[in-house]
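**Q** Pasting in a structure now, in structure tokens, and then I'll have a few things to ask.
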Amino acid sequence: MTGIADKIMQRVSLHDGGRWVCTPKDLLDLGSRDAVDQALSRLAKAGRLRRVGHGFYTALKISRVLNGPAPVDLDVAIAALARRDGVRIMPEGLLAANQLGLTNAVPAKACYVTDGHSRTLKIDGRTVQLRHAGPSVMRWAGRPAAPVVQALRWLGPRVAADGEIVSTLSRHLPDNVKLDLLHNLRDLPGWALPLARSIASDRAVAA
């Protein structure tokens, strides 16, 4: 095995406890693009790494339950995509609401919004849809409260105002998310302002 391949395996195993998903761009400090591509291809063929999409690799982990490769953490793979393409990406409304436990509806595709181009790709056998969104949506990208804002937008003014929705978010959201909402009220649609204040009411003094 080449020196580059050894270095790639060391980085993958140590980075994020082996959950890391990488692309060739993450490894260009180890060698030329051709050398990195060749090393990744050999590692995947040898079963040392798993190729989970076009240009996406992760450590091979076996699930005893599935009796096969463990599914990749899709959010980690999306982070790799964002790094590679130099774009911002965050969950679309339905996906965010599902992740927050606000709906049992499961999207047929994993849908995200981005300030890059709209497109569809496959990651670990799952269809991932990226939809271009404007500045008013993408200004939340990278902020702790981004999933909450996306979920509220998807629910809409009437459903989002339901007492159970507000109560659930107020009980379960961590303080940093609540403070992020309060500190960035100007970036919310007008109808969401009172909801954000209610959700974060116990942090209003700290804000």
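**Q** Give me the dipole magnitude in Debye, nearest 20, for the chain about the Cα centre, with unit charges on the beta carbon: positive for Lys and Arg, negative for Asp and Glu.
**A** The dipole of the chain has a size of about 440 debye.
**Q** Give the cross-link partners of Lys122 among the lysines, using a straight C-alpha distance below 28 Å as the criterion and excluding same-chain residues fewer than 8 apart.
**A** Lys7, Lys25, Lys45, Lys61, Lys109
**Q** Whole-Hz ³J(HN,Hα) for each residue in region 71-82, computed from phi via Karplus 6.51 cos²θ - 1.76 cosθ + 1.60 with θ = phi - 60°, x for glycine and proline: what do you get?
**A** Each residue's phi maps through the Karplus curve to give x, 6, 6, 4, 5, 5, 5, 5, 4, 5, 4, 5 Hz.
**Q** Please work out how much length the chain gains when fully extended from Asp162 to His15, using 0.36 nm per residue of separation minus the C-alpha to C-alpha distance, in nm with one decimal.
**A** Full extension from Asp162 to His15 adds 48.8 nm.
**Q** If you don't mind, there's one more thing I want to ask. Quick one: what are the phi-derived ³J(HN,Hα) couplings along region 194-202, Karplus 6.51/-1.76/1.60 with θ = phi - 60°, whole Hz, x for glycine and proline?
**A** Running phi through 6.51 cos²θ - 1.76 cosθ + 1.60 with θ = phi - 60° gives x, 5, 4, 5, 5, 4, 9, 4, 6 Hz.
**Q** Which residue, Thr58, Ser170, Val36, has the largest displacement toward the positive end of the dipole of the chain when charges sit on each Cβ (Lys, Arg +1; Asp, Glu -1)?
**A** So the residue we want is Val36.
**Q** Rounded to the nearest 0.05, what FRET efficiency is calculated for Arg126 and Ser41 with R0 set to 30 Å and r the Cβ-Cβ distance?
**A** Efficiency at R0 = 30 Å is approximately 0.85.
**Q** Between Val76 and Lys61, what is 0.36 nm times their sequence separation minus the Cα-Cα distance? Round to one decimal in nm.
**A** 3.9 nm
**Q** When Cα extents along the principal axes in Å is calculated directly from the model, which label among [x] 48, 39, 33; [y] 43, 42, 30; [z] 60, 36, 33 fits?
**A** Among [x] 48, 39, 33; [y] 43, 42, 30; [z] 60, 36, 33, the one calculated here is [z].
**Q** Which value, to two decimals, describes the C-alpha radius of gyration of region 95-207 once divided by 2.2 N^0.38 Å?
**A** 1.10
**Q** So what's the gap between the Cα centers of region 131-207 and region 1-49, to the nearest angstrom?
**A** Distance between centres, Cα-based: 39 Å.
**Q** Relative to the compact globular guide of 2.2 N^0.38 Å, what is the alpha carbon radius of gyration of region 119-162, as a ratio?
**A** Ratio of Rg to 2.2 N^0.38 Å for region 119-162: 1.44.
**Q** What's the percent breakdown of Cα-Cα distances in region 3-69 across 10 Å bins, shortest bin first?
**A** Cα pair-distance distribution for region 3-69, in percent: 22, 57, 17, 3.
**Q** Near the amide H of Glu92, under 5 Å away, which other amide H atoms are found, from residues 5 or more places off or on another chain, if H is placed in the peptide plane?
**A** Close amide H contacts, sequence-distant or interchain: Cys111, Tyr112, Val113.
**Q** Further, regarding this structure: Quick one: what are the phi-derived ³J(HN,Hα) couplings along region 88-98, Karplus 6.51/-1.76/1.60 with θ = phi - 60°, whole Hz, x for glycine and proline?
**A** Going residue by residue, I get 9, 9, 8, x, 6, x, 4, 4, 5, 5, 5 Hz, with x marking Gly and Pro.
Quick note: the coordinates plus some simple rules give every number you see, no bench work behind them. From a predicted model like this one, the values you see are computed outputs, not experimental measurements. We place every Cβ from the backbone using ideal geometry, glycine too, and count neighbours over all the protein chains shown.
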